[in-house]
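One structure below.
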Amino acid sequence: MRNGNPDTLPTPKDPSGPCPWCGRVSNFRTMHPMWDLNDDWGKGKDHRASPLTCMGCQRVVLVVVDGEDRGVMWWPTPGASGLDPEVDERVASAYVEGMRCLAIQANRSAAVMFRSALSLYVKDKGSEAAKAERHLKTALKHMKSDGDLHPSLWDWADHLNQLGNEGAHPEDYDEVTTEEAKALSSFVRHLIRSEYELPAELTRARGLATEVGGSQ
C-alpha cells in the first residue's frame, strides 16, 4: 500500500488528499489508462491526464501530471467550490474565476480577479464613503478607519491591491509569481470565510439554538 500525504491534492502516484468536489480528505480510485497530452499544451513536457474517483462522494476528478508524475492541474478547480450561499454572488464569482486562472498558472489574470473580489467586497460591505472612492486603496483605508476591515487584514488587502495592479498593467510592474498568486487566493478565501461564512454560520446556529430552546 502506498503512503499518501492527505494534505496535498491527489495524483495517480499519491491517490489521497482533499477532494475538489466535496472538500473532504479522501482516498481516490485510479482509473486507467492515462491520456497523453500533446506537446503544445505541455510546452514540450511529457504531460498526461488521469481521472480519479473520490471514494467519499464518488465523483471524478481529472488530474494533469508532468513527466515526473507531479500534479500540475486539477479539474474541478481546487478551492473554487463549496462557498456558503450567503457569500455575495459577485465576490464569489470573481474569486472562483481567479481560482480557475490560478489552476492554469495564469498568475496575472488570477491577481486581477482576486483584486476584483476585494473591490466587490468593498462595494458590498463598505460604508458609503468607501463605496464612493474611485481608488481601491483609499476605499480600503476608509474601511480600516471605520472598523469595517479588521487590522490584521489591512496589510494583506493593500498588498493584494498592489499585485492586482501589477496583473492589470504588466508593462509597468514585475511579473506576478505563482507563489504570490497562491498567497492572494489564500487571503481572499480567508476574507470570504471571516466576513461572510462565519457570520452566516453563527446566525444559523443561533436560530437553531433558539428553536431547540423554545421546544423544551
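Quick look at the numbers
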{"read-out": "Residues whose placed amide H lies under 5 Å from that of Met73, excluding near-sequence neighbours", "value": "Val64"}
{"read-out": "Full-extension gain in nm, Trp154 to Arg59, via 0.36 nm per residue minus C-alpha separation", "value": "30.4 nm"}
{"read-out": "Length added when fully stretched, Leu202-Glu86, from 0.36 nm per residue minus Cα-Cα", "value": "40.6 nm"}
{"read-out": "Neighbour-count ranking [beta-carbon atoms within 10 angstrom, fewest first] of Tyr121, Tyr196", "value": "Tyr196, Tyr121"}
{"read-out": "Residues Met34, Met113 arranged by fewest to most Cβ contacts within 10 Å", "value": "Met34, Met113"}
{"read-out": "Dipole-positive endmost among Pro199, Ser119, Tyr95 within the range 89-211 (Cβ charges, Cα centre)", "value": "Pro199"}
{"read-out": "Net charge of Cβ neighbours under 13 Å - reference Ala130; Lys, Arg +1; Asp, Glu -1", "value": "+2"}
{"read-out": "Shape call, the range 89-211: gyration tensor on alpha carbons, a/c limit 1.5", "value": "oblate"}
{"read-out": "Equivalent ellipsoid semi-axes - Cα gyration tensor, the range 37-154, angstrom", "value": "37, 17, 10"}
{"read-out": "Positive minus negative residues near Ala117 (Lys, Arg vs Asp, Glu; Cβ under 9 Å)", "value": "+1"}
{"read-out": "5 angstrom amide H check on Val25, placed H, neighbours 5+ away", "value": "Cys19"}
{"read-out": "Gap separating the Cα centres of the range 176-191 and the range 87-129, nearest whole Å", "value": "11 Å"}
{"read-out": "Per principal axis, descending, Cα span of the range 16-75 in whole Å", "value": "35, 19, 16"}
{"read-out": "Listed peptides 62-75, 182-195 by packing density, highest first (mean Cβ within 10 Å)", "value": "182-195, 62-75"}
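Read-outs throughout are calculated quantities, based only on the coordinates presented, and are distinct from any laboratory measurement. None of these values were measured; they are calculated from a predicted model. Glycine gets a Cβ as well: all are built from the backbone with ideal geometry, and neighbour counts include every protein chain shown.
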